[in-house]
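The values are calculated or read from the model by the stated rules, or taken from the named source; none is laboratory data. A quick note: this is a predicted structure, and the numbers were derived from the prediction, not measured. All Cβ positions, even for glycine, are placed from backbone atoms using ideal geometry, and neighbour counts span all protein chains on display. Areas reflect the complete protein model, heavy atoms only, side chains present, ligands, DNA and RNA absent. Shrake-Rupley method; radii C 1.70, N 1.55, O 1.52, S 1.80 Å.
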Amino acid sequence: MTGARIPAVVVSDIRKSYGDLKAVDGVSFTVAEGEFFGILGPNGAGKTTTLEIVEGLRQADGGQVTLLGEQPWPRNPKLLPRIGVQLQASSFFEKLTAREQLQTFGSLYGVSRRKADEMLELVGLTDKADVQENKLSGGQRQRLSIACALVHDPDLVFLDEPTAALDPQARRNLWDVLRAIQARGKTIVYTTHYLDEAEILCDRVAIMDRGRILAMDAPATLVRGLDAPTHVVLQKGVLTREAARGITGVEEAHEDEVSLTISTRRPAPVLSALAERGTLDGLQVRTATLEDVFLDLTGREYRA
Amino acid sequence: MTAFRSLSAAMVKGFLRDKMTLFFVFLFPLMFLVVFGLLLGDSGSDKTKIAAVGDGPVLTTLEQTGAIELERYGDAATARQKVDDGDLPAAVVVSGDRVRLIYAASDQVAAGTVLGIVSGVVDKINLGAANVPPRFTLDAQSVEDASLKPIQYLTPGILSWAISISGVFGSALTMVSWRKKQVLRRIRLAPVSTTTVLTSRVLVSIGTAVAQGVVFVAVALLPVFGLKLTGQWYLALPLLVLGTTAFFAVGMLVGAFCKTEEAASGAANIVIMPMAFLSGTFFPVENAPAWLQTVSNIFPLRHMNDGMLDVLVRGKGVEALLVPSAVLIAFTLVVGFIAARIFRWDD
C-alpha cells in the first residue's frame, strides 16, 4: 500500500456462478493508487470474469466492489470517465483509421480531437495514424486498443490480456507502453497468463486458479517465500559431478548430455567456490520463478 | 465534437468506405429498377399498326385520327398475307367507294379497336357526304385513372424495398458486429447515453434512405424510363423517415436474436423477400387474390408502398399519408419495444 489515500480498487469476496461452475469463488483484493497489479492464472481460472465484475460489466452473485470510492454496478456514469477499459484487440468501429478510432472513442468522453495524436505517439503509432484498423498488425492493433482505453486520461486502467497472441518483439514493445502508462501515475489492473511477464511488470500479483486467489504479493516476495533451490548450470566437462557435490552448500548435482546442474539454497558460497576454480565460463543461474510458485501452490505444472 | 456528431460521422465513414454495403444499398435495388423498367417497358403507348391498300379520304382521315398507324402495301394480296402471317392485326383495303377490313381473329382486343376506329371514320365520312347536320355530339375527355404504367408503380415500390433493405440490414448488422467486436461494451463503458448511440444510428439510416430516394427517382425520371412525378412528391419524405424507423426496428429485432453477421443476413433476407413480393414492390398487389391482399396488410412495406404510390405518382395530397404513417409509427413502437426488451450488450 502506498500513501494514505483511498485505494483505487477494493474488491471483497465477489462470487459468480454459471450453473454448477463457480467461475469466481470468493475473490478479494485491494489495489493502491499508482500500483501495477496483475491477475495471473491459466485460461479458465476466472480472471476475465473477475475483471468484468470489477469493471461493472457483469453483476456479481455476491460481494462488493468499490472503484475510486464508487460502485461500478449498476452502470455508474459518474465513475465511467475515470476508468479506462481495454477490450479485445478487434473492438473498433468498421473501416476507420487509427486516428479516427481514437477521435471517435475520445468524443464519447468529450475529449478534444487533438488528444488522438498524443495517444498515437504514446503507443508508437504516429506513422500509422491514417491506416485503417484492419490493416494494422496484431501488435499495432493491440497498442491502438490500449490507446483507445487511455484517450480520456482515466485514473484507473483495466487491461485484459493485452499481450496475448503477440510475437515476442511486439510483447516487448507493449511492455514499454505499459511502463510509460504507469509512469504517468495511472493505476493499472491487468490480467495475463504469462507469468514471466507479470514478474517483470507488476508491483503485485494475485495468482488465480479455479475461481480463487491462491497467493497475492510482490512477485519477488512470492518467489523468495517459496524456499526453492537456486539452479546453477555449468557447461558439461568443466567440473565433475563428484567435485560439484564436494562444494559446501551444494545439495544436489546432476548431469545430462550438455550441462551440469547444481541445486543450492545458498548460492553465494557456491558461486565463489566455482569462481576460485575458474569454472565460470558459460555459467547460468536460474532462480525460482512464479511458475515454481504456481507449481508449489497447485501441485501441477503451469500451463497457459 | 459531441458524441452524437462523431458517432454519426464514424458510421457514415464506415458506410461510405464499405463497397459491399454501398452495392446492396444503391446498385442492387437500382438493377431491379432498370431491369423491370426496361422489361415491362411502356407497351401501352404503342399505336396499333395495320396494313393499308389504296387511297382516298378514308385512309387520310384514319391517319389523322392518330389512333392507328398505317403500313402501305401495293395490293390486297400482300396486305392479306401480313394478317394471315400474324404480323399485323388487320388490313384495310380501299378500292373506290368500297372499304374492306380484314382482321385477325386471334387478337380480339386489337381487332375490336381497329374495327371501331375504321367504322367510326367510315360513318363520319358518310355523314359528311350526306350533308346532314349531326344530331348528337360527342364530347370525349381523358382522365387520369388509377391503373399505372409499370415505371410509375415500380419506382415507389422498389424505392420502399431498397429502404427496407438498408434499414433492416443496417441496424441488424451494426448491432451484431458491434456486439461481437465488443464495440457495444466500449460504448457501455463510456459516459454516453444509449439514446445518443441509437439516435445517431437511426439518423444515419434516415440519411441513407433520403439519398436512396434521390438516386432512384433521378434514375427513373430519365427519358428511357419516363417516370412522371405528380405535384406533391415531397410528401414522400415523411414516409421515407417513418419507413426507415420501422425497418430499423425490425433490424434491431433481428440483431437481438442473431449472434453472427451471417445469421443476421439470412434472417433479414427471410423477412424482407416475402414481404417485398407480397407488398407490391414488383407488381401491383391489387392483382393478387383477396386473401393475400389481406395478409399483406401486416407488412409495414405494404403501407409504405401504398403511401409512396399515392404521393409520388397518384397525385394524392397529405390525407394519403394518414394511414401509412399511423401504421408505420405503430409498427416502430411495437417492434422497437420488443427489440429493446430482448436487447443484449454481450453474447
Kindly establish whether B:LEU198 is open to solvent by 10 Å² or more (accessible area, probe 1.4 Å) and within 16 Å of the chain's Cα centre (by Cα).
no
Just wondering, is there one or more residues in region A:14-25 that are within 20 Å of A:ILE188 (Cβ to Cβ), part of a loop (DSSP other than H, G, I, E, B) and modelled with pLDDT of 90 or more?
no
More than 14 Å from chain A (Cβ to nearest Cβ), of a type in the set (S, T, N, Q) and surrounded by fewer than 16 Cβ atoms within 10 Å (Cβ to Cβ): is that true of B:THR48 in this structure?
no
Is one or more of the residues making up region A:109-129 assigned by TED's automatic domain parsing to the domain that holds A:ILE213, farther than 29 Å from A:VAL10 by Cβ and touching a strand residue (DSSP E or B) at 6+ places or on another chain (Cβ under 9 Å)?
yes
Inside region A:97-120, the number of residues satisfying the requirement of being more than 16 Å from B:GLN182 (Cα to Cα) and not in a helix (DSSP H, G or I) is 7
Subset tally (residues that are under 15 Å from the mean Cα position of the chain (by Cα), in a loop (DSSP other than H, G, I, E, B) and surrounded by 18 or more Cβ atoms within 10 Å (Cβ to Cβ)) for region A:154-174
4
B:THR194 is checked against (1) closer than 30 Å to B:VAL34 by Cα; (2) free of Cβ contacts under 8 Å to residues at least 24 places away in the same chain and fails just one. What number does that condition carry?
(1)
For region B:70-93, give me each residue that is free of Cβ contacts under 8 Å to residues at least 40 places away in the same chain, in a strand (DSSP E or B) and not aromatic (Phe, Trp, Tyr).
B:LEU70, B:GLU71, B:ARG72
For the subset of region B:94-139 comprising residues that are aliphatic (A, V, I, L, M) and in a loop (DSSP other than H, G, I, E, B), which member is surrounded by the most Cβ atoms within 10 Å (Cβ to Cβ)?
B:ALA104
In region A:106-149, anything open to solvent by 40 Å² or more (accessible area, probe 1.4 Å) and among the acidic types (Asp, Glu) is listed as A:ASP117, A:GLU118, A:GLU121, A:ASP127, A:ASP130
When restricted to B:THR281, B:THR294, the only residue more than 20 Å from B:VAL35 (Cα to Cα) and among the hydroxyl-bearing types (Ser, Thr, Tyr) is B:THR294
List every residue pair whose Cβ atoms lie under 9 Å apart, where the two residues are 6 or more positions apart in sequence or sit on different chains, the first residue falls within region A:113-127 and is within 14 Å of chain B (Cβ to nearest Cβ), and the second residue, located anywhere, is surrounded by 15 or more Cβ atoms within 10 Å (Cβ to Cβ) and part of a loop (DSSP other than H, G, I, E, B).
A:ARG113/B:MET1; A:LYS115/A:VAL151; A:LYS115/A:HIS152; A:LYS115/A:ASP153; A:ALA116/A:ALA129; A:ALA116/A:VAL151
Filter region A:93-105 down to the residues that are facing another protein chain (nearest Cβ under 8 Å) and either farther than 20 Å from A:LEU51 by Cβ or of a type outside the set (Phe, Trp, Tyr) (or both), then identify the one that is surrounded by the fewest Cβ atoms within 10 Å (Cβ to Cβ).
A:LYS95
The number of residues in region A:253-269 that are over 33 Å from the mean Cα position of the chain (by Cα) and closer than 23 Å to A:ARG224 by Cα is 2
With respect to B:THR155, determine if the residue is out of contact with any Asp or Glu (no Cβ under 6 Å at 6 or more places or on another chain), more than 14 Å from chain A (Cβ to nearest Cβ) and either of a type in the set (Lys, Arg) or in a helix (DSSP H, G or I) (or both).
yes
Taking the criterion of being within 25 Å of the chain's Cα centre (by Cα), open to solvent by 40 Å² or more (accessible area, probe 1.4 Å), without any contact (Cβ under 8 Å) to a residue 24 or more places away in the chain and within 14 Å of another protein chain (Cβ to nearest Cβ), would at least one residue in region A:79-91 satisfy it?
no
So the helices (runs of 4 or more DSSP H) completely within region B:183-272 holding 3 or more residues that are among the basic types (Lys, Arg), within 14 Å of chain A (Cβ to nearest Cβ) and under 22 Å from B:LYS149 (Cβ atoms) are none
Residue pairs, Cβ under 6 Å, 6 or more apart or interchain, first in region B:211-227 and outside the structural domain of B:PRO238 (by TED's automatic domain parsing), second open to solvent by less than 30 Å² (accessible area, probe 1.4 Å) and among the acidic types (Asp, Glu). List them.
none
Going through region A:272-304 in order, the residues found to be farther than 26 Å from A:LEU260 by Cβ, in contact (Cβ under 8 Å) with a residue 12 or more places away in the chain and open to solvent by 50 Å² or more (accessible area, probe 1.4 Å) are A:LEU297, A:ARG303, A:ALA304
One residue from B:VAL295, B:VAL327, B:VAL323 being among the β-branched types (Val, Ile, Thr), surrounded by 21 or more Cβ atoms within 10 Å (Cβ to Cβ) and more than 17 Å from the chain's Cα centre (by Cα):
B:VAL327
Please specify each residue of region A:50-68 satisfying the condition of being of a type in the set (Val, Ile, Thr) and surrounded by fewer than 24 Cβ atoms within 10 Å (Cβ to Cβ).
A:VAL65, A:THR66
Could you tell me whether any residue of region A:175-195 is in contact with a helix residue (DSSP H, G or I) (Cβ under 7 Å, 6 or more places away or on another chain), farther than 16 Å from A:PHE93 by Cα and assigned to a loop (DSSP other than H, G, I, E, B)?
no
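The rows are residues; the columns are (1) on the phi < 0 side of the Ramachandran plot; (2) open to solvent by less than 60 Å² (accessible area, probe 1.4 Å); (3) out of contact with any Leu (no Cβ under 7 Å at 6 or more places or on another chain); (4) more than 14 Å from every other protein chain (Cβ to nearest Cβ).
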| position | (1), (2), (3), (4) |
| --- | --- |
| B:ALA3 | yes, yes, no, no |
| B:ARG17 | yes, no, yes, no |
| B:LEU27 | yes, no, yes, yes |
| B:MET31 | yes, no, yes, yes |
| B:LEU39 | yes, no, yes, yes |
| B:PRO57 | yes, no, yes, yes |
| B:GLN64 | yes, no, yes, yes |
| B:GLY86 | no, yes, yes, yes |
